[in-house]
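Participant: Please find one structure pasted underneath; my questions will follow.
The values are calculated or read from the model by the stated rules, or taken from the named source; none is laboratory data. This one's a predicted model, so the numbers in the text were calculated from it and none came from an experiment. For neighbour counting, all protein chains shown are included, and Cβ atoms are generated from backbone atoms with ideal geometry for every residue, glycine included. Each accessible area value is taken on the protein alone, full model and side chains, heavy atoms only, with ligands, DNA and RNA left out. Shrake-Rupley method; radii C 1.70, N 1.55, O 1.52, S 1.80 Å.
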Amino acid sequence: MLAGSASLYADKVDFGSESQTEWAATSADGCDMGSTVTLDGVVVTLGSPDDTGVNWTWHAKNAGLLPSQMPSTEGTVETLITEFSEEAPFGNLPSHGAFLKIEPSKAGAITITAKASANAAQPLIFVTLDKNDPTVILSAQITPWDANVTQWTYEVDADHTYMFFQQSYPGQLGAYRITLRGISFVVDEVVTGLNQLHAAPAAEQAFDLGGRPANGKSGLRIVNGRKVYFK
């Protein structure tokens, strides 16, 4: 166990609720694999419910929940997920260790906040799966590791299931792990409403800074009685 990790963890836990739009891990949290984070519009499962003896514990230095194993197919060093592709046949999906299974009931944007393992050989992987057969990969998005990035946002919908994980480091089942800090979800209706709130209706008149009609050029636009500068 790494220094700063919690010494105890709970059994399977159900974090969050359908009335929440975000969840953040705290120092009181810890759980077995198969625990869930429920938010308005999505349920996220931490690892596999069948992954006995593998867990997530609070790590003070990383300020989040640290899984005890990296992603693998069989829970062994020999079966770590050490390569993946954005082209078919893509690669193996993990069934053990640290991964998130994302099951939306609404279309929206999910944001995962975490401290990724600090190794350029470990990109972040987001996979779209067939909802009726989650073993079938439809597409994959691979994001290179970046020390300055701690959040990843993806568009999802209710017609698919998704998986998120950081690629494993070869030969290191219990090291180089991602630390989960939180999850948030914004449904499409909210995103659309915000866009509409800030958008100028076509019938509104635009003027340049000198008070002349802008005709699409830089100037200002009257939006709901307010002057909004635009480029």
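Participant: Any chance you could count how many residues in region 9-33 are of a type in the set (Ser, Thr, Tyr), open to solvent by 70 Å² or more (accessible area, probe 1.4 Å) and under 14 Å from Leu180 (Cα atoms)?
Facilitator: 1
Participant: Could you please give the count of residues in region 161-218 that are within 15 Å of the chain's Cα centre (by Cα) and either more than 27 Å from Trp58 (Cβ to Cβ) or at pLDDT below 50 (or both)?
Facilitator: Counting residues in region 161-218 that are within 15 Å of the chain's Cα centre (by Cα) and either more than 27 Å from Trp58 (Cβ to Cβ) or at pLDDT below 50 (or both) gives 2.
Participant: Being polar (S, T, N, Q) and more than 18 Å from Ser168 (Cβ to Cβ) is the filter; apply it to region 142-158 and report the residue that is surrounded by the most Cβ atoms within 10 Å (Cβ to Cβ).
Facilitator: Selected residue: Thr150.
Participant: Here's something else I'd like to know. Residues that are closer than 22 Å to Trp23 by Cα and either polar (S, T, N, Q) or out of contact with any strand residue (DSSP E or B) (no Cβ under 7 Å at 6 or more places or on another chain) (or both): does region 159-167 have at least one?
Facilitator: yes
Participant: Report yes if Leu100 is within 23 Å of Ser184 (Cα to Cα), out of contact with any helix residue (DSSP H, G or I) (no Cβ under 9 Å at 6 or more places or on another chain) and crowded, with 16+ Cβ neighbours inside 10 Å, otherwise no.
Facilitator: yes
Participant: Also: Would you say Ala107 is more than 30 Å from Ala60 (Cα to Cα) and open to solvent by 70 Å² or more (accessible area, probe 1.4 Å)?
Facilitator: Here the answer is no, as Ala107 does not meet what is asked.
To keep it simple, each residue is scored yes or no on (1) more than 14 Å from the chain's Cα centre (by Cα); (2) among the aliphatic types (A, V, I, L, M); (3) open to solvent by 10 Å² or more (accessible area, probe 1.4 Å); (4) on the phi > 0 side of the Ramachandran plot.
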{"residue": "Lys61", "(1), (2), (3), (4)": "yes, no, yes, no"}
{"residue": "Thr73", "(1), (2), (3), (4)": "yes, no, yes, no"}
{"residue": "Phe84", "(1), (2), (3), (4)": "yes, no, yes, no"}
{"residue": "Ser95", "(1), (2), (3), (4)": "yes, no, yes, no"}
{"residue": "Ala114", "(1), (2), (3), (4)": "no, yes, no, no"}
{"residue": "Ala121", "(1), (2), (3), (4)": "yes, yes, yes, no"}
{"residue": "Pro134", "(1), (2), (3), (4)": "yes, no, yes, no"}
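Participant: Looking only at region 34-59, which residues are free of Cβ contacts under 8 Å to residues at least 40 places away in the same chain, open to solvent by less than 20 Å² (accessible area, probe 1.4 Å) and in contact with a Gly (Cβ under 7 Å, 6 or more places away or on another chain)?
Facilitator: Correct list: Gly34 only.
Participant: Hey, another quick one. Does Ala88 count as more than 22 Å from Pro123 (Cβ to Cβ), touching a residue at least 40 places away in the same chain (Cβ under 8 Å) and out of contact with any helix residue (DSSP H, G or I) (no Cβ under 8 Å at 6 or more places or on another chain)?
Facilitator: no
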